[in-house]
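The structure appears below as structure tokens.
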Amino acid sequence: MVRRFTSVRARAALSAALAAAVVFGAGGWGVRDVVRDQRMTAAREEATRDAFSLTYSFESGVRPEGTDFSFAVVLADGRSAMVSGSIFGEDLDMPLAEFPPRVGWGIRTVRGKGRFVVGTTDVLPADQIKSLTGSGGQAAQRLTVYVLVSPADARTAVATIDRLLGWGLPVAVPFVGLIAWFVTGRALRPVEAIRAKMADISAHALDQRVPVPAIDDEITRLARTTNETLDRLEHAHHRQRHFVADASHELRTPLAGLRNSLEIALAYPERTDWPNTVATALADVDRLQRLAEDLLLLASPVPAASTASDLADIVEEQVAERAHTGDGPAFTAHTTGPALVRETETRLARIVRNLLDNAARHARTKVTATVAGTGTGTGTGTGTGTGGSVTLTVTDDGPGVLPEDRERIFERFVRLDDARTRADGGAGLGLTIVRDLVTGLGGTVRVTDGSTFVVTLPGDDT
């Protein structure tokens, strides 16, 4: 139960209801104030017109009759000369302190009796004052007029809005929350379908995919991304299964040969050439050890190196070592200066060694390794290894790789011909390791003309 009220749907509905309460409440009070101000402004303008009309009548000597607005006329001594209508329900007598004589025009707030438009007439003759107000014995003087700014319309409008808010707000807020609950539920229905499908997918059913909604929206893109992720997982799972099967096969063959030779030697010890048997067993163990190291390297993540290494030095060192032994084809190195790559010497040396070993197996008489750097930092650019890229090229004079096999040779445990058999130690992982290490560095490796391998790595810009 608690989980239902903490769901995305419930939070969306609650947020919509709270937002509606704030908007409707604040908007209602804002409209209330605006309507009240407008009605009061209209009442003040009407009272001003009535006040001007009243003073004009007095100045013209015409006694106002039949007025429908509340007003009071005050003599110069503060006495009430004329009152029409009721002011907030009070009778005609008004305290002089609250309605004193004034000169000029303006708005005055009388304590407890609201607001009045206050105006004064010109100086009127005594006889005109007597005929207008009925008060004899008055000297010529000005009359002060108070016309009530009636708040009745404003109060009626505000009361109407209050009733609408009182009845409408409790209904509108839950209604908005209910609509948000319904709409969010419909919007999240595809998400629930994706979740349910993902819950059914296991390692034994990676071929299943989540449903993709027909509408092209965020949820549709989520479903497509999820299916793309499942595609990659399925591909990685299949590759892992093939890798495990191939690795088991590669390990089983030398183990079976080693076991067979040892069992025969133990069965016929008097006819066994023990030095040769031990040498053969050591060779098999050596192949197994190299294979185990290659598999471990492929399975291990490539950590980011903190320092840069000179690829040119590594190539020159390995070529010099092979030239010194004198075994196999002739090795030649061509470098134009330092070629810095942010990687450890061990991993760079593994890339170079695997490429040279592969070239040696296919070459007839010679292998050439070339290192060149295209820098973007200082100098002329060529051979600096500062920024830009570093290119390693290994070429042999062998028959080369056919175009249709130039991608397949980088797959695990792939051997294209008799030159790469288990007998000479090749397990089909050398070029796979090269591609994995180069790709982990953000570089590329490709075969160009069949017998030339080109490795491009990002140069170090520090």
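Laboratory data are not the source of any read-out in this text; all were calculated from the coordinates shown. Everything numeric in this text was worked out from a predicted model, so none of it was measured. All Cβ positions, glycine included, derive from the backbone under ideal geometry; neighbour counts span all protein chains shown.
Numbers at a glance
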{"read-out": "The chain: calculated mean residue ellipticity at 222 nm from DSSP helix runs of at least 4, using -39500 (n - 2.57)", "value": "-18000 deg cm²/dmol"}
{"read-out": "Residue-span extension gain [residue 397 to residue 41] - 0.36 nm each, minus C-alpha spacing", "value": "118.0 nm"}
{"read-out": "GluC sites (Glu not before Pro) within the stretch 1-75: DSSP coil, no more than 16 neighbouring Cβ in 10 Å", "value": "65"}
{"read-out": "Cα-centre dipole for the stretch 12-154 with unit charges at Cβ (Lys and Arg positive, Asp and Glu negative), debye to 20", "value": "340 debye"}
{"read-out": "Ordering of 443-456, 215-228 by burial proxy (mean other Cβ atoms within 10 Å per residue, highest first)", "value": "443-456, 215-228"}
{"read-out": "Table column - 3J(HN,Hα) (Hz), the stretch 336-346, Karplus curve with 6.51, -1.76, 1.60, x for Gly and Pro", "value": "10, x, x, 10, 7, 10, 7, 6, 6, 4, 4"}
{"read-out": "Sum of side-chain charges, residue 332 neighbourhood, beta-carbon under 13 Å (Lys, Arg +1; Asp, Glu -1)", "value": "-1"}
{"read-out": "Cα centre as origin, Lys/Arg/Asp/Glu Cβ charges: the chain dipole, Debye", "value": "1840 debye"}
{"read-out": "Alpha-carbon Rg/Rh ratio, for the chain, with Rh computed the Kirkwood way", "value": "1.52"}
{"read-out": "Listed residues 191, 69, 103: farthest to the positive end of the dipole of the chain (Cβ charges)", "value": "69"}
{"read-out": "Rounded to whole Hz, the Karplus (6.51, -1.76, 1.60) HN-Hα couplings of the stretch 120-125, x for glycine and proline", "value": "10, 8, 5, 5, 9, x"}
{"read-out": "Angstrom value of the Kirkwood radius, inverse mean 1/r, which spans all Cα pairs in the stretch 311-378", "value": "12.7 Å"}
{"read-out": "In degrees, nearest ten, helix 274-299 long axis to first principal axis of the chain (Cα)", "value": "10 degrees"}
{"read-out": "Long-range HN-HN contacts of residue 82 with modeled amide H, under 5 Å", "value": "73"}
{"read-out": "Directionally averaged shadow of the stretch 222-274, computed from the convex hull of its alpha-carbon atoms, nm²", "value": "4.2 nm²"}
{"read-out": "Amide proton proximity set for residue 334, modelled H, under 5 Å, gap of 5+", "value": "369, 370, 371"}
